[in-house]
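The values are calculated or read from the model by the stated rules, or taken from the named source; none is laboratory data. Everything quoted here is computed from the prediction, not taken from an experiment. Note that we place each Cβ from the backbone using ideal geometry, even for glycine, and neighbour counts take in every protein chain shown.
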Amino acid sequence: MEGMPRGRAVRMKVLCNFFRRAALPACALLIGAAAMEGCASTAPRFRTGGPGRPAGTAPGAIRPGEISPPHAVMDRPWEDEPLPPALNRDHVLLEIVSLLGVPYEYGGSDAQGMDCSAFTSAVYRAALHIPLLRSTVDQYKEGTDVPRDRLRFGDLVFFNTTGESPSHVGIYIEDDLFAHASVSYGVTISSMESAYYADRFVGARRILR
């Protein structure tokens with residue numbers, strides 16, 4: 001990473017640490033890093049250094065140097081507990097990586113464009129062979145309720161982004177990060193600790209126990 005701008009180098013380091021912790025193959029790491037690096041300067045990313053954001057910055061976005069490494073904010077020992085056998089972490093992450101950068105399209109459900117509930121449905125169907133209901137509201141009725149401080153890999157996380165609750169859904173991937181189809185950035189990875197998403201979180205559901 002020598003010679004890289006500091007913000008880009010830090011992002012790449014965090015990506016490497018995250019995918020290494022997830023035990024993904026090296027090829028997946030490279031694909032994931034390449035897919036995310038192109039929009040890293042604008043899309044919501046990882047932990048922010050504080051609750052405020054400069055004027056003109058997209059909701060949830062951060063500035064170079066504001067990224068903290070995983071577990072910098074709090075330890076989450078429950079995230080190290082074994083997952084249910086049916087919840088394959090690598091399969092889920094590989095499917096998420098394959099969809100990074102797909103543009104947002106309301107009502108869309110394929111690689112040409114998809115909305116948030118189509119993204120969660122696609123990942124669960126392809127990686128876990130589990131069909132989810134199509135809409136965000138219906139997905140909020142599936143599985144069992146999970147407290148914010150007990151989130152586990154694979155949980156569905158829900159937000160109120162339009163004034164109607166819930167109106168947005170993503171997949172929690174640990175370390176307070178979640179994957180989702182963002183209206184502004186398409187399929188991306190964001191931090192639940194950013195002021196934008198922290199203020200709009202409404203609940204979580206666990207599909208596999």
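General observations
- Scanning the range 153-180 for residues that are under 18 Å from residue 126 (Cα atoms) and touching an Asp or Glu at 6+ places or on another chain (Cβ under 6 Å) turns up 153, 172.
- Of all residues in the range 106-125 being touching a strand residue (DSSP E or B) at 6+ places or on another chain (Cβ under 8 Å) and part of a strand (DSSP E or B), the one that is nearest to residue 91 (Cα to Cα): 114
- For the range 126-174, taking the residues that are in a helix (DSSP H, G or I) and basic (Lys, Arg), the one that is nearest to residue 208 (Cα to Cα) is identified as 150.
- Subset of the range 176-190 (residues that are over 10 Å from the mean Cα position of the chain (by Cα) and not in a strand (DSSP E or B)): 183, 184, 185
- Entry remark, the range 166-175: residues being buried (at least 22 other Cβ atoms within 10 Å of the Cβ) and modelled with pLDDT under 95 number 1 in total.
- Of all residues in the range 193-209, those being closer than 15 Å to residue 120 by Cβ and modelled with pLDDT under 95 number 1.
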